[in-house]
1. Sort 40-53, 84-97 by packing, meaning the average of other beta carbons within 10 Å per residue, with the highest value first.
2. Given N residues in the chain, what is Rg(Cα) / (2.2 N^0.38 Å)?
3. Hey, rough spin-label estimate for residue 280 and residue 2, points 7 angstrom out along Cα→Cβ, what's it come to in nanometres?
4. When you take every Cα atom in the stretch 178-327, what is the radius of gyration, and what is Dmax, the widest Cα pair distance, in Å?
5. Positive end of the dipole of the chain, charges at C-beta (+1 Lys, Arg; -1 Asp, Glu), about the Cα centre: which of 137, 104, 190 has its Cα farthest in that direction?
6. Before anything else, pin down the relative contact order of the stretch 218-350: Cα pairs under 8 Å, at least 6 apart, normalised by residue count, whole percent.
7. Could you give the length gained by full extension between residue 79 and residue 57, i.e. 0.36 nm per residue of separation minus their alpha carbon distance, to one decimal place?
8. Taking the Cα centre of the chain as origin and charging only Cβ (+1 Lys, Arg; -1 Asp, Glu), how large is the dipole, in debye to the nearest 20?
Amino acid sequence: MKVAVVVPCRNEAAHISGLLDALAGQTRVPDEILIVDDESTDDTADLVRAWQVVHPTPLVRLIDGPGQGPGPAMNAGIRATDADVIMRMDGHAVPSWDYLERSLDALAPGLKPWVSTDKPRASSNLQIGVVGGIWRVVPGADTPVARAIAAVVSHPLGSGGAGYRSPRAQGPERTSVETVPFGTFPRTVWERIGGFDESLAANEDFDFNYRARRAGFEVVLDRRISATYFSRPTLRTLARQYFRYGFWKLQMLRKDPRAIHPRQLPPAMVLPWILTTCGAMVLVPGLFTGSVALVYPLIVLSGGLIVAVGRRVSPLAASAAIATVHVAWSAGFWAGVTQGASRRPSRSGT
């Protein structure tokens with residue numbers, strides 16, 4: 001069985017060398033590592049070449065991406081290999097030393113459903129199609145704001161309760177979920193569902209996993225599988241990231257409205273709520289409208305305190321990060337409603 005790691009990346013010079021070290025040092029070394037450089041404007045490609053000089057091995061291949069986002073870059077990388085199993089990784093993350101070994105172990109029932117295993121299955125009536133693990137989110141910089149951002153995006157107030165962003169949560173070792181990041185899957189699953197949707201410049205993992213589930217495959221979160229993820233270092237880059245997420249979530253819903261999750265409805269309504277309550281306070285000033293307009297700021301401040309107490313970060317910075325995540329995602333979502341897919345928001349990385 002041939003296993004390839006495909007890494008779509010753009011402008012990941014800060015992390016790409018560490019990622020290559022982690023992939024080459026896996027307990028189950030992949031047969032190929034394909035770095036798909038999606039038109040980086042920094043030193044990402046040069047650093048990959050420099051790593052290849054220091055580590056002369058055919059293991060790593062650098063290929064050019066189409067410059068249209070991680071979905072098309074993933075498809076380009078998979079087409080460039082004949083591997084039986086694909087592990088997706090991100091240039092903004094570093095997998096644990098046994099990431100691939102544990103991923104293959106969890107995927108084994110999906111590769112050979114007839115082979116017995118003493119490992120617990122998430123369910124007994126579906127073939128496992130995609131497996132993934134949890135994120136251990138760390139700050140993208142050594143600043144109070146960056147530390148607060150890392151705390152917020154790994155907290156339910158910023159993540160919406162996604163299982164892979166909650167490494168501290170209690171639960172079964174393996175469970176069936178709606179999506180996982182950095183999934184490992186058989187090539188046959190990729191072929192059956194038509195690969196990654198190249199019309200989406202974000203949310204491509206969720207869309208891939210959603211279509212895999214619709215095709216009858218199980219998506220499994222295994223909590224023994226983990227990767228370190230570097231969160232955005234500033235509120236500006238965080239806002240751009242979540243604006244993109246909201247924008248492309250709407251485009252995904254245009255394809256299939258059933259892909260919406262209840263936890264995504266409240267953040268979608270954040271911007272309309274702010275505009276409506278502020279407008280009402282201006283047009284009809286009074287105690288009632290003023291009190292209603294203060295509801296969301298109070299929620300954000302309370303949330304910042306909750307995050308700060310649990311993660312030992314600045315309450316004000318945490319509140320600012322929560323508001324940035326909510327408002328940017330909501331703004332992106334409604335920009336998608338009004339603009340459609342004809343205009344793509346700018347991207348600083350994959």
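The numbers here are math on the coordinates, done by the rules we state, and not lab data. Remember, it's a predicted structure, so these values are computed and weren't measured experimentally. With ideal geometry, Cβ positions are generated from the backbone for all residues, glycine too; neighbour counts draw on all protein chains shown.
1. Packing proxy ranking, top to bottom: 84-97, 40-53.
2. Scaled against compact globular proteins, the figure is 1.02.
3. 6.2
4. Rg, Dmax (Cα atoms, Å): 19.2, 62.
5. Positive-most Cα among the choices belongs to 137.
6. On the way: 116 pairs, mean separation 57.8, N = 133.
Once divided by the residue count of the stretch 218-350, the mean separation gives 43 percent.
7. Numbers: separation 22, 0.36 × 22 = 7.92 nm, distance 2.10 nm.
In short, 5.8 nm is gained.
8. On the way: 37 positive and 30 negative charges, 215 e Å.
That gives a dipole near 1040 debye.
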